[in-house]
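Undergrad: A single structure is presented below for examination.
The values are calculated or read from the model by the stated rules, or taken from the named source; none is laboratory data. Since we're looking at a predicted model, the values are computed, not measured. Quick reminder, even Gly has a Cβ in these numbers, built from the backbone with ideal geometry, and neighbours come from all protein chains shown. Areas reflect the complete protein model, heavy atoms only, side chains present, ligands, DNA and RNA absent. Shrake-Rupley method; radii C 1.70, N 1.55, O 1.52, S 1.80 Å.
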Amino acid sequence: IGFCVCALLVGCGGQRSKEPSQPAADPLKSAPTSELLEQGKQLAGQGDYIRAEQYLTAALNRGHSSEEVVPLLLQVCIRGRRYQSALGHARSALRTRPNDWRLRYVIATLYEALGERGKARKELERVITGDPGFGSAHYSLGALLWTAGDRRTAEVHMRRYLELEPEGQHADDVRARLATLAPRAKADAEATPKKVPVRVQGELPQPKGDTP
């Protein structure tokens, strides 16, 4: 046992290794805030999303603008498929910006990516209530409801999306979905029994009895 301890302490040249006079500086603590931000961007460009998140989080904690850092944080987390981390950053930012509907929209899409569709629907409905003209929110809610089987409500939101963004990114998809509803509506109408009014031919029979 004594030999093993000595072997750990003695270098290859037979001399004891020298301990550093002071611990190495942590770059996340010693670097200026601006350098943390730029380093985070550089790491993100290199595809090192985990370290990029660390640097960007440090920049945010050191007081850098949330409006600039949070979108970058969300990008690196989503690109790295770290949806739970992205959700945590977004929810923290939402505490100080509860009426940031675009941020809340991102939160809704993250919930959907995590399979929490009930929470996603709730957030999308809040976005549309706060910003009725938010086209992408109408589309996302319509697509979510479509998948859930509530196509009647989904149709309302998808048509609203087309009104807001007739040439939008999802316009072709919406038109294709709506086109499938027309034949179904026609088939349902044809399958519904029609009430045929009863028409009486001729005059009603006169009641029997003595005439006055």
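Undergrad: Using heavy-atom solvent-accessible surface (probe 1.4 Å) with all chains present, what is the largest-first order of Val156, Val127?
TA: Result, largest first: Val156, Val127.
Undergrad: Considering only protein heavy atoms, what per residue accessible area in square angstrom results for the stretch 36-85 with a 1.4 angstrom probe?
TA: Value for the stretch 36-85: 54 Å² per residue.
Undergrad: Rounded to a whole number of µm²/s, how large is the Stokes-Einstein D of the stretch 52-140 at 4 °C and 1.567 mPa s, given Rh as the Kirkwood radius over C-alpha pairs?
TA: Diffusion coefficient, whole number: 97 µm²/s.
Undergrad: Just to be sure I understand the model, the point goes 7 Å from the Cα along the line to the Cβ. What's the resulting Ile50 to Ser34 distance in nm?
TA: A separation of 3.1 nm, rounded to one decimal place.
Undergrad: Could you compute how much accessible surface Tyr161 exposes when probed at 1.4 Å, giving the result in Å² to the nearest 10?
TA: The accessible area of Tyr161 comes to roughly 0 Å².
Undergrad: Mean separation of Cα pairs under 8 Å and 6+ residues apart, divided by the residue count of the stretch 62-149: what relative contact order is that in percent?
TA: It comes to 19 percent, rounded to a whole number.
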